[in-house]
Amino acid sequence: MSVERIRTAVGHIVLMFGVLVSLFPFYWMVVMASNTTPDIFSYPPKLLIGSHLFENMGKVLDNIDFFGSMLLTLIASLGVTVLVLFFDSLAAFAFAKYEFPGRNVLFGLLLATFMIPAQLSLVPQFVTLAEFGWIGSLKALIIPGAANAFGIFWMRQYAKGAIPDELISAAKVDGAGFFRQYLTVGLPVLRPGLAFLGIFTFINVWNDYLWPLIVMTDPNRLTLQVALDQLNGVYGTDYSMVMAGALMSVIPLIGVFLIGARSFIADLAAGAMKF
Amino acid sequence: MAVTSKTAPAAITRPSSTAEKPPNKYKQAFPQYAAVSPFFILFAIFGAFPVLFSIWISFHSWDGIGQMKWVGLEQYHYLLSDATFWKTIGNTLLIWVLSTVPMLLLALVIANALHNATRLRTFYRIAYFIPNVTSVVAITLVFGSIFSNNFGLLNAFLRSIGVGEVQWLTSPWGIKIAIATIVTWRWVGYNAIIYLAGLQAISADVYEAAKVDGASPRQTFWRITVPMMRPVILFTAVTSTIGGLQIFTESRVLFGDTSSIGGPGDAGLTIVSYLYQSAFIKNQFGYGAAVGWALFVLIVLFSIINWRLIGGNDDERLTRRAARRVERRIAAQNAKREAADVR
């Protein structure tokens, strides 16, 4: 029994150490953001949270259009999320619950698109969007990502288990067409699955760096990640300010994550097991 | 299954019992086609077409604005003899190994500990997952300061214990270790949670049987846990390979303000950084497209190698074999015990 107890204790010590390593960079981010740059770079370095946080945050607002970037990022993230939720769940509903000619071929095709790395189409996508005249606009951030294979695959697995066929046939008997069936039967049942896909999509778009770096060519219209990188490039010497910016960009995201963290993590793990 | 076959034809058979001709099944499925079409339309425009177009671009010399000049396979010829390109492949592979190996091993350790922990489970899971959802740019900035040569926290620590400083952000190995550390830190928790799900899917009976059998924890781990986890390990290996070959943001943000985006001596220049640099900084679109195809070939190649190494195609057989081995042991044990009882 006591061997068992020691093992549990050792397990918790290992886990706690891991948690410290996991969270330390965030603590350090706050320490740097709340001290002055000379203080951080002194030796020995300051290890405690200081009192200059608001001063540093103010400097961020003076140097980049932080709220403009945040608004742009928010609109792009929400835009992609809403479209992905709609298109992916609609397609998943059809794939999961209806027989139609060519269904399996189409679904196989969809799975095959997983193989293509995003970077392969980086150059031609840029050229295509330039041809459309979308470079520098929100459309370039939102439209190409408006539906994705991962979401459809994931929602289909979810829909297969979650939507009882009886509900659909009942709706049919009531004379509901396909779209009505999706709205009245599909959507309510799929809500937990949509919550996961929504958070997942939102976080990914919010954090994306390479694509906005390429398509948002107007320096006055940058997403948060690109603006943050620019703050670092131009004002790299004022580390406290850069860290304050990093902190400000991370807080909303962690908030979104923490709201749904519990089921989000469980769903993600369950999804990975199905692949 | 039975329910599907009962409901789906119902809509079709009802009208056909009154009318002779069955209705056009393609026409009937119009709403379904409409439902799945947004993805396929978007994919055609922003996925399939660009991929085909990128082959075309890679056969040209093109700055993205002016005339495209057909050069045939010249971009690929140049690619194969381009020392910088080979260097980026070496860099990417080194960073991949330096990050993936410790990442997956640590994830396995954490998952095991999480599996055995009964208290604080949710807290641990969230704490381990937070690095994965935070912005790479912000976190790279933090690590950049920790690894900083002169004022970095890490060197301050090393100095204080008398080891002396390491030129993390200027030496070839230091750069790679710094990037690999960021990748490992971000993805350990994610992989641990995937492994945890895999562990929880293994039936408790198998472990119970091994315990009865008198198997040591180490034997249990290697003979039961690892073989049963093969599919999950394969999943994480393949996804980390694909992710590892696409590393970009870390090196770009760490060295963004220096003249080369790969850091001193291009020691941190990855394949994707090189693609970005060729196409979007030097405006060599044709060459950038060719680098993209090289990346594609590498990803496919490494996914196949992973598949072979971890034995993706026979994992079911192996799992069954592990289960059978345990069963045999239990049978033997029981037989022995019975024999002892008789005596």
Number of positions in region B:6-32 that are modelled with pLDDT under 50 and either within 24 Å of A:L90 (Cβ to Cβ) or facing another protein chain (nearest Cβ under 7 Å) (or both): 6
From the list A:L129, A:L120, A:L110, A:L90, which residue is out of contact with any strand residue (DSSP E or B) (no Cβ under 7 Å at 6 or more places or on another chain), at the interface with chain B (Cβ under 9 Å from one of its Cβ atoms) and modelled with pLDDT under 90? A:L120
State the number of residues belonging to region B:155-183 that are charged (D, E, K, R) and modelled with pLDDT under 90. 2
Specify the residue that is nearest to the chain's Cα centre (by Cα); the eligible residues are those in region B:45-61 that are open to solvent by 40 Å² or more (accessible area, probe 1.4 Å) and in contact (Cβ under 8 Å) with a residue 12 or more places away in the chain. B:I55
Restricting the search to region B:220-267, which residues are among the basic types (K, R) and more than 9 Å from chain A (Cβ to nearest Cβ)? B:R223, B:R230
Matching residues in region B:274-283 - criterion: being more than 10 Å from chain A (Cβ to nearest Cβ) and touching a helix residue (DSSP H, G or I) at 6+ places or on another chain (Cβ under 7 Å): B:Y274
Please go through region A:13-40 and pick out each residue that is open to solvent by less than 10 Å² (accessible area, probe 1.4 Å) and not in a helix (DSSP H, G or I). A:S34, A:N35
Residues A:D267, A:D238: which one is over 19 Å from A:N148 (Cβ atoms) and of a type in the set (D, E)? A:D238
Under the condition of being part of a helix (DSSP H, G or I) and at the interface with chain B (Cβ under 8 Å from one of its Cβ atoms), which residue from region A:98-107 is surrounded by the most Cβ atoms within 10 Å (Cβ to Cβ)? A:L106
Right, A:A171: assigned to a helix (DSSP H, G or I), open to solvent by less than 20 Å² (accessible area, probe 1.4 Å) and more than 7 Å from chain B (Cβ to nearest Cβ) or not? yes
Checked against (1) more than 7 Å from chain A (Cβ to nearest Cβ); (2) closer than 26 Å to A:A162 by Cα; (3) at pLDDT 90 or above, B:A35 satisfies every condition except (1)
Take B:T100 and tell me if it is more than 19 Å from B:G292 (Cα to Cα), at pLDDT 90 or above, out of contact with any Lys or Arg (no Cβ under 8 Å at 6 or more places or on another chain) and open to solvent by less than 70 Å² (accessible area, probe 1.4 Å). yes
Looking across region A:213-225 at residues that are farther than 28 Å from A:W154 by Cβ and in contact (Cβ under 8 Å) with a residue 40 or more places away in the chain, the single one that is nearest to the other protein chains (Cβ to nearest Cβ) is A:T217
Working only within region A:233-272, note down all residues that are open to solvent by less than 40 Å² (accessible area, probe 1.4 Å) and closer than 21 Å to A:P45 by Cβ. A:G236, A:D238, A:Y239, A:S240, A:M241, A:V242, A:M243, A:A244, A:G245, A:A246, A:L247
Out of B:T134, B:T88, B:T118, sole residue that is open to solvent by less than 80 Å² (accessible area, probe 1.4 Å), within 30 Å of A:V256 (Cβ to Cβ) and more than 17 Å from the chain's Cα centre (by Cα): B:T134
Looking at region B:145-154, which of its residues are more than 8 Å from every other protein chain (Cβ to nearest Cβ) and either at pLDDT 90 or above or crowded, with 22+ Cβ neighbours inside 10 Å (or both)? B:F147, B:G152, B:L154
Enumerate the helices (runs of 4 or more DSSP H) found wholly within region B:197-314, keeping only those where 3 or more residues are surrounded by fewer than 14 Cβ atoms within 10 Å (Cβ to Cβ) and either in contact (Cβ under 8 Å) with a residue 24 or more places away in the chain or out of contact with any Pro (no Cβ under 6 Å at 6 or more places or on another chain) (or both). B:204-212, B:217-220, B:285-310
Scanning region B:115-142 residue by residue, those more than 7 Å from every other protein chain (Cβ to nearest Cβ) and in contact (Cβ under 8 Å) with a residue 40 or more places away in the chain turn out to be B:H115, B:N132, B:T140
Any residue in region A:176-187 that is open to solvent by 40 Å² or more (accessible area, probe 1.4 Å), more than 8 Å from every other protein chain (Cβ to nearest Cβ) and at pLDDT below 90? no
Just to check your reading of the model, which residue among A:L85, A:L110, A:L71 is assigned to a helix (DSSP H, G or I), of a type in the set (A, V, I, L, M), open to solvent by 30 Å² or more (accessible area, probe 1.4 Å) and closer than 30 Å to B:S240 by Cβ? A:L85
Restricting attention to region A:132-162, and to residues there that are within 11 Å of chain B (Cβ to nearest Cβ) and of a type in the set (D, E, K, R), which single residue is surrounded by the fewest Cβ atoms within 10 Å (Cβ to Cβ)? A:K160
What are the pairs, 6+ residues apart or on separate chains, where a residue within region A:233-258 that is more than 7 Å from chain B (Cβ to nearest Cβ) and of a type in the set (G, A, S) has its Cβ under 6 Å from a residue that is in a helix (DSSP H, G or I) and open to solvent by 10 Å² or more (accessible area, probe 1.4 Å)? A:S240/A:T37; A:A244/A:M57
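The values are calculated or read from the model by the stated rules, or taken from the named source; none is laboratory data. Note that the coordinates shown come from a computational prediction; the quantities given were computed from them, not determined experimentally. For neighbour counting, all protein chains shown are included, and Cβ atoms are generated from backbone atoms with ideal geometry for every residue, glycine included. Side chains are part of the model used for accessible areas, which takes the heavy atoms of the whole protein and leaves out ligands, DNA and RNA. Shrake-Rupley method; radii C 1.70, N 1.55, O 1.52, S 1.80 Å.
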